[in-house]
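Coordinate-derived values only; no laboratory data. Note that this is a predicted model, so its numbers are computed, not measured. Note that each Cβ is placed from the backbone with ideal geometry, even for glycine, and that neighbours are counted across all protein chains shown.
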Amino acid sequence: MNNIAIETKGLSKQYDRDLAVCDVDLKIETGEVYGLIGPNGAGKTTLIQMLAGIIEPTVGEVYWFEEKVKFNTSHFSLKRRLGYLPDDFPLYDDLTVYDYLEYFGRLYFLRQPQLDRRLQEVLELLQLTSKRHSLISTLSRGMQQRLSLARTIIHEPILLLLDEPVSGLDPLSRQQFREMIKVLQEAGMTILISSHVLSDLAEICTSIGIMDLGYLVESTSLQQLYQRFPEEELVISVLDNLEQLANKINDFKEVESYQIIAEENKIKVQFTGSEQEKSDLLRSLLNEGFSIADFRTEKPNLEQVFLKLDHQQPS
Ligand SMILES: Nc1ncnc2c1ncn2[C@@H]1O[C@H](COP(=O)(O)OP(=O)(O)OP(=O)(O)O)[C@@H](O)[C@H]1O
């Protein structure tokens, strides 16, 4: 198996006067879940469409598994490895769930008994078995989105490109979606997902790319991104005497700044000291008689890291 699932070299797309994607060099290793984020109009959909071979770049090249994608040719064997879920996930309302999936299975030349086996598998994985005979028009948005994902993986691709697959989903459906992505990754797929929901991406992605005004301004593993912002925040909750706690905290030279969150009876502290000094702080507060209800360190989440990077906010 090739190490690099997707690569682009100097990829650009010009629409009339708009440069939608600008000189993008992207590399995604096999087995990764790569999250693509950026504000509206940053060029995510255009980039994904070029990666999927749907639209032709103005300049630059796309490689799947180190093989150059030639536009305007069908090259079925290469496309057979790809599953692409567009952001508007078109469906045929007057088909049943089963007929729809069977239709796409046949388009990919799946034959019996493999077709039946695969239909059962994806219906089960996407939790649609009980809806197999329902008309698509009667499904909720979350179910329709799951059906679109089922269609995207019916032919067992090894590379998935998912354009905003969780938009409009409720928290439970988003959680189910995250679990499905983990199952697909464990099954060996390489997955690119664009989304504005950073908390979802933080949970499932191994790497993150940030687009801004057509440029890929960051492309790095999630781990390396967090390492660039190692500062932790100390969160201290008390049962009472919040003001006195703030005064006391202020005496410690390791406390760079703090923020009182009165409605939750807690203080968030930017603490620069060592683990030993953190422990000394806790002991000192207890000795002073403060009723400490919680004392913990929090690392910045992906949303906070994104803001620290000072690119535009995803909206
Ligand atoms: N078919 C098109 N014709 C002309 N301009 C286009 C076309 N598709 C996209 N654009 C322009 O390219 C730029 C990038 O759009 P794109 O849809 O790729 O951004 P995006 O990051 O996916 O945005 P969103 O988060 O809102 O989906 C925008 O300025 C958009 O207006």
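So, by mean Cβ neighbours within 10 angstrom, what's the order for 112-123, 289-300 with the highest one leading? Please list the in-between numbers first.
On the way: 112-123: 14.7, 289-300: 12.8.
Put in order of decreasing packing, that is 112-123, 289-300.
Of the residues SER279, SER12, SER221, which exhibits the maximal mean-square fluctuation in a Gaussian network model of the chain defined by a 10 Å Cα contact cut-off?
Answer for the Gaussian network model of the chain: SER279.
Could you give P(r) for the chain, binned at 10 Å from zero, as whole percent values over all Cα-Cα pairs?
5, 23, 26, 20, 13, 10, 4, 0
Would you mind computing, in nm to one decimal, how far apart the modelled labels at LEU172 and SER279 are, each placed 7 Å from Cα along Cα→Cβ?
4.5 nm
Go ahead and run the numbers for FRET between LYS253 and VAL217, Cβ-Cβ distance against an R0 of 45 Å, rounding to 0.05. Write down the numbers at each step before the final one.
On the way: r = 37 Å, r/R0 = 0.82.
Calculated transfer efficiency: 0.75.
Counting only the backbone N, which residues of the stretch 242-276 are under 19 Å from the spot 7 Å out from the Cα of PHE229 toward its beta-carbon?
So the set is 256-259, 268-272.
With springs only between Cα atoms under 10 Å, which of GLN244, GLN224, GLN270 fluctuates most in a Gaussian network model of the chain?
Maximum among the listed residues: GLN244.
Place a point 7 Å from Cα of ARG80 in the direction of its Cβ. Which residues in the stretch 88-115 have their backbone N less than 15 Å from it?
Within reach of a label on ARG80, which here means backbone N under 15 Å from a point 7 Å along Cα→Cβ, the stretch 88-115 contributes 105-112, 114-115.
Under a cut-off of 15 Å between alpha-carbon atoms, report the aspartates and glutamates in cross-link reach of LYS299, not counting same-chain residues fewer than 8 places apart.
Within the straight-line limit of under 15 Å, LYS299 reaches these aspartates and glutamates: GLU203, GLU231, GLU232, GLU233, GLU275.
Grab the other residues whose beta carbon is less than 13 angstrom from that of VAL24, score K and R as +1, D and E as -1, and report the net.
Values: positive: LYS9, LYS13, LYS27, LYS44; negative: GLU7, ASP23, ASP25, GLU61, ASP212, GLU218.
My count for the surroundings of VAL24 gives -2.
Given only helices, namely DSSP H runs of n ≥ 4 each adding -39500 (n - 2.57), what is the per-residue ellipticity at 222 nm of the chain, to the nearest 500 deg cm²/dmol? Write out the running numbers ahead of the final one.
On the way: 11 runs with 107 residues, N = 315.
Value at 222 nm, helices only: -10000 deg cm²/dmol.
May I ask for the angle, rounded to the nearest 10°, between helix 97-107 and the longest principal axis of the chain, with both axes built from Cα atoms and the value confined to 0 to 90°?
60 degrees
Test of understanding: what is the full-extension gain from GLU288 to THR129, defined as 0.36 nm times their sequence separation minus their Cα-Cα distance?
On the way: separation 159, 0.36 × 159 = 57.24 nm, distance 6.08 nm.
That pair, GLU288 and THR129, stretches by 51.2 nm at full extension.
Report, to the nearest 10°, how far helix 275-287 tilts away from the longest principal axis of the Cα atoms in the chain, using its own Cα long axis and a range of 0 to 90°.
Tilt relative to the chain: about 50 degrees.
Pop a pseudo-label 7 angstrom from the Cα along the beta-carbon direction at both LYS27 and GLU66 and give the gap in nm to one decimal.
Between LYS27 and GLU66, the simple spin-label model gives 1.3 nm.
Most fluctuating residue of LEU82, LEU285, LEU47 in a GNM of the chain with Cα springs under 10 Å: which is it?
LEU285
Determine the sum of side-chain charges near GLY38: Lys and Arg each +1, Asp and Glu each -1, restricted to other residues whose C-beta is under 13 angstrom from that of GLY38. Display every interim value, and only then the final one.
Working: positive: LYS44; negative: ASP163, GLU164, ASP212, GLU218.
Neighbour charge sum, excluding GLY38 itself: -3.
Could you calculate the contour length gain from ARG117 to THR58, that is, 0.36 nm times the residue separation minus the distance between their Cα atoms, to one decimal place in nm? Kindly include the intermediate steps, with their values, before the conclusion.
On the way: separation 59, 0.36 × 59 = 21.24 nm, distance 4.14 nm.
Separation in residues times 0.36 nm, less the Cα-Cα distance, equals 17.1 nm.
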